[in-house]
Amino acid sequence: MSKSKPVLTSSLGKKLVMSLTGLFLCTFLIVHLIGNFQLFNDDLGYSFNNYAYFMTHFTPIKVVSYLLYASIIIHAVYALILTIKNKAARPIQYKETDGKANSTWNSRNMGILGTVLLIFIATHMQNFWFQYKFGTTPYVEYRTEIATGDRQTDQFDNVPDNYNGYLKTENDGIETIKSKDLYTQVAVTFKNPLLVLFYVVAMGALSFHLIHGFQSAFQTVGFNHRRYIGVIRAIGVWGFGVIIPVLFALMPLYFYFLK
């Protein structure tokens, strides 16, 4: 016990925890992005609403979601602790040292970028997760002819007695699905230009945060061999720094301009 405590409470230990939680969050971003691609399907939200119900009711996914929330909190708290500790260790910056010459802009401003992302996460959760669980998300009914695939869609107000957010029945060759309409919630939310702008700015912050954080995490866990570092840097810059944030940013822009 005496040997493990210093590891967990040391700066190196905190950086290691931050790196592991950060890499877990990177994995989540990929999964979340793939799932959100359902928003681009031209099916009046049928695919996305089915996906939303699955993600919020499938037990293994729910367990992973709790790990996700814990990872976000731990990552943010440890980042704050390390920032405060580093400033306390050097209250007066060395005048003869030009920090800008020895580090990138995003590495010097990870705290600011992280703060923007925390505000974004809180806003995102309130707009969608909270509304879906406890708020005023509307309801939708899909009636699909199984033989032809023809589908009709209607909003509905009267919730069945045995309804828990999703109800699927089949009768006379017609598949009927009644569900919470998170797709419409997304479409309505992204008609707010200020919110769309904030989402795009937040994805810019995510880009800069990941460009530095992804490679830094691998260095902290010791995966820094010169044979692989170039690949890691390329994945961090182009995969997590460009492709993922751009695709996420396209979603609010798509609904604002095209829906």
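Just a few scattered comments:
- Gyration tensor (alpha-carbon) shape descriptor, the range 159-259, a/c threshold 1.5: prolate
- Of the cross-linked pairs Lys14/Lys62; Lys62/Lys85; Lys62/Lys168; Lys62/Lys178; Lys178/Lys259; Lys62/Lys87, those separated by over 32 Å at the C-alpha level are Lys62/Lys85; Lys62/Lys87.
- With neighbours defined as other Cβ atoms within 10 Å of a residue's Cβ, the residues Met18, Met203 order from fewest to most as Met203, Met18.
- Counted charge near Pro138, where neighbours are those whose Cβ lies closer than 10 Å (Asp, Glu -1; Lys, Arg +1): -1
- The length gained on full extension between Leu67 and Ile174, counted as 0.36 nm times the residue separation minus their Cα-Cα distance, comes to 34.6 nm.
- Computed extension length for Ala187-Ser107: 25.3 nm, one decimal, from 0.36 nm per residue of separation with the Cα-Cα distance subtracted.
- Fewest neighbouring Cβ atoms within 10 Å first, the residues Asp43, Asp181, Asp150 line up as Asp150, Asp43, Asp181.
- Where labels lie 7 Å past Cα in the beta-carbon direction, separation of Met125 and Leu12 in nm: 3.3
- FRET efficiency, Ala147 to Phe28 (Cβ-Cβ, R0 51 Å, nearest 0.05): 0.85
- Shown for Phe218, Phe134: other C-beta atoms within 10 Å of each C-beta, ranked fewest to most, produce the order Phe134, Phe218.
- Under the span-like rule (Cα at least 24 Å along the axis, Kyte-Doolittle mean at least 0.5), DSSP H helices of the chain: 11-36, 59-89, 193-220
- Applying 0.36 nm per residue to the separation of Leu258 and Thr136 and subtracting their alpha-carbon distance, the gain on full extension is 41.5 nm.
- Across the range 139-180, the convex hull enclosing all Cα atoms gives 61 Å³ per residue.
- Formal net charge of residues neighbouring Ile81 (Cβ-Cβ distance under 14 Å; K, R +1; D, E -1): +4
- Dipole of the chain, positive end: most advanced residue of Ala234, Met18, Phe134 [Cβ charges, Cα centre]: Met18
- Where Rh is the Kirkwood radius over Cα pairs, Rg/Rh for the chain: 1.06
- With a cut-off of 14 Å between beta carbons, the residues surrounding Val221 carry a summed charge of +2, where Lys and Arg count +1 and Asp and Glu -1.
- Alpha carbon centroid spacing (whole Å) that separates the range 194-218 from the range 226-252: 11
All of the numbers you see were taken from the coordinates with simple rules; none came from a lab. Keep in mind the model is a prediction, meaning the values are calculated, not measured. Methodologically, a virtual Cβ is constructed for each residue, glycine included, from the backbone with ideal geometry; neighbour enumeration extends over all protein chains shown.
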